[in-house]
Amino acid sequence: MAQKPLADYEKDIPEVTELLAKDADLQKFFTDLTPGYQREWARFIFGAKAEATQQRHIEQMKVVFKAGYKSKRAYDSRPKE
């Protein structure tokens, strides 16, 4: 099955912002991202069908942001210690 276009996730960006409401620093980090990165994160979370997978992706997003990375791709390719 083909993945939905990235533009289809534009409508989910406010919901991602809400998911980060308990941590003002993470929320600001997300809102400071360019719209392209915001859409990628919305797709990462809401492109998953299972609720458990969505929750796992939300937690992964928080780890990536706390490490100072804009994208999971950049975080995953960081130099390992």
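Read the figures in this text as sums done on the coordinates, not as results from a lab. As the structure is a computational prediction, the values presented were derived from the model and not from experiment. FYI the Cβ positions are ideal-geometry reconstructions off the backbone, even for glycines, and counts take in every protein chain you see.
Quick notes on this structure:
- Under 23 Å, Cα to Cα: Lys pairs in the stretch 1-53, sequence gap 8 or more or different chains: 4
- Estimated distance in nm for a label pair at Glu10 and Lys66, the labels positioned 7 Å out from Cα along Cα-to-Cβ: 3.3
- Here's the picture: a label point sits 7 Å out from the Cα of Lys22 along the beta-carbon direction, and within the stretch 30-62 the residues with their amide nitrogen under 12 Å of it are 59.
- Computed over all pairs of different Cα atoms, the Kirkwood value for the hydrodynamic radius of the chain is 13.0 Å.
- Relative contact order for the chain, counting Cα pairs under 8 Å that sit 6 or more residues apart, in percent: 27
- Taking Cβ atoms as reference points and 12 Å as the exclusive limit, the residues near Met61 contribute a net charge of +3, counting Lys and Arg as +1 and Asp and Glu as -1.
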